[in-house]
1. Scan (1) assigned to a strand (DSSP E or B); (2) under 22 Å from Ala39 (Cβ atoms) for the single condition Gln283 breaks and write down its number.
2. Under the condition of being part of a loop (DSSP other than H, G, I, E, B) and of a type in the set (Ser, Thr, Tyr), which residue from region 216-259 is most open to solvent (accessible area, probe 1.4 Å)?
3. Say we look at region 167-196 and pick out the residues that are assigned to a loop (DSSP other than H, G, I, E, B) and either open to solvent by less than 10 Å² (accessible area, probe 1.4 Å) or hydrophobic (A, V, I, L, M, F, W, C) (or both); which of these is nearest to Ala79 (Cα to Cα)?
4. Please go through region 116-127 and pick out each residue that is open to solvent by 10 Å² or more (accessible area, probe 1.4 Å) and in contact with a helix residue (DSSP H, G or I) (Cβ under 9 Å, 6 or more places away or on another chain).
5. Of all residues in region 63-110, how many are part of a helix (DSSP H, G or I), among the hydrophobic types (A, V, I, L, M, F, W, C) and in contact with a strand residue (DSSP E or B) (Cβ under 9 Å, 6 or more places away or on another chain)?
6. Please list, ordered by first then second residue, the pairs with beta carbon atoms under 9 Å, 6 or more apart or interchain, first in region 45-63 and of a type in the set (Phe, Trp, Tyr), second part of a strand (DSSP E or B) and open to solvent by less than 50 Å² (accessible area, probe 1.4 Å).
7. Checking Leu150 against (1) touching a Ser or Thr at 6+ places or on another chain (Cβ under 9 Å); (2) in a helix (DSSP H, G or I), only one condition comes out false. Which one?
8. Among (1) aliphatic (A, V, I, L, M); (2) assigned to a helix (DSSP H, G or I); (3) surrounded by 17 or more Cβ atoms within 10 Å (Cβ to Cβ), there is one condition Leu113 misses while meeting the rest; what is its number?
Amino acid sequence: SMRSTQALLKPIECSFEGVEHVAQGVGVTREVFTSLFDALKAEADSAAPGRVFDRAVDGDGGDPVYLPSTRASPQQCEAVGRVLLRLLLMGLPCPLKLAPSLVKSLACSEEELTIDDLAHWDAQLAAQLRGLAAASPLELAAMELSFTELEDPRRVDEPVAASNLRDFVKHKLEHALERSRTDQVTRLVYGFRAIPTLDCVLDLLGARGLDALLISSAVRVLDPLLVARSLEWRDWPVDSMVPALLTQCIMRLDQSRLRRFIRLTTSQNVWPTEGFTPPITIQRCPASEQLPVGSTCFHILRVPDYADPRSVESKLLMALDHVGEQDMGYV
């Protein structure tokens, strides 16, 4: 595939099935990426046979974390790497929480993998290796452990002792996080490093900087109060009941609908830790029974000044429950 800077920086054009108009713009571009990662996440969460990512539960925080699947083709992984680079260039957080070991690989970090890295992916194996690392020589002898082909093909059947215990643990870590999926991780990194002139910047960022920009820049658990307080209101008269009722409705939304609300207004489904720029704005429209409509390029939700108080919540929920469907909710 083409790996030029020009190719990666070109604006994205997309067309919708059954619609002749070709759409451009930041909101549309974000929607393309959001839809892509929604599909990748759904495949991983359901353990679909052709999935690109595997999913585990972070032993540190309980959130889902993702690594390239051993079932994924190298071409798929390279393409995802290029998408991650495009997200970084656009200043957008990755909708998936990537495992720390993968972030280190993307940063080409010289830091060694640690048991803490493994704990984010496989808490049970990490606990076992912690116990093993603290074992005494007598305890190690009683375990009768030895290197296998998976740990180091050059040391097969070599007994594990205090002198080589660190190597044994290191090989176990590397196999669980990288060597079992070497081709996939390598090609994903290759795609992410598709602009050679950016390598020096990515190297300076390191794993922590890259994590801060791409992974940790998103709030994973949404706070309805934070969302409600961040809204701006435009052209609403003081006697309108809609702002207060809409705020109350947002405060009652569960995580799924909160993410749909964000997607309806910004085409993202994660909340940046610094908030959105520009902020999400609720624009008053003349009274009608139409559904709210999101203008994702400008972070605007256009809401009619409903005459019936019951319409505020019912219309918003109807719009949210169809977010992502064709011809529904976006302009």
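The values are calculated or read from the model by the stated rules, or taken from the named source; none is laboratory data. Here the structure is a predicted model, which is why all the values come from computation and not from measurement. As a convention, Cβ positions derive from the backbone with ideal geometry for all residues, glycine included, and neighbour counts pool all protein chains shown. Please note that ligands, DNA and RNA were not included when accessible areas were found on the heavy atoms of the full protein model with its side chains. Shrake-Rupley method; radii C 1.70, N 1.55, O 1.52, S 1.80 Å.
1. Every listed condition holds for Gln283 apart from (2).
2. Ser216
3. Going through the qualifying residues, I end up with Ala194.
4. Within region 116-127, Asp116, Asp117, Ala119, His120, Trp121, Asp122, Leu125, Ala127 meet the criteria.
5. Adding up the residues that qualify gives 5.
6. Taking only residues 6 or more apart or on different chains, the pairs are Phe53/Tyr66; Phe53/Leu67; Phe53/Pro68; Phe53/Leu98.
7. It is condition (2) that Leu150 fails.
8. Against the list (1) aliphatic (A, V, I, L, M); (2) assigned to a helix (DSSP H, G or I); (3) surrounded by 17 or more Cβ atoms within 10 Å (Cβ to Cβ), Leu113 comes up short only on (2).
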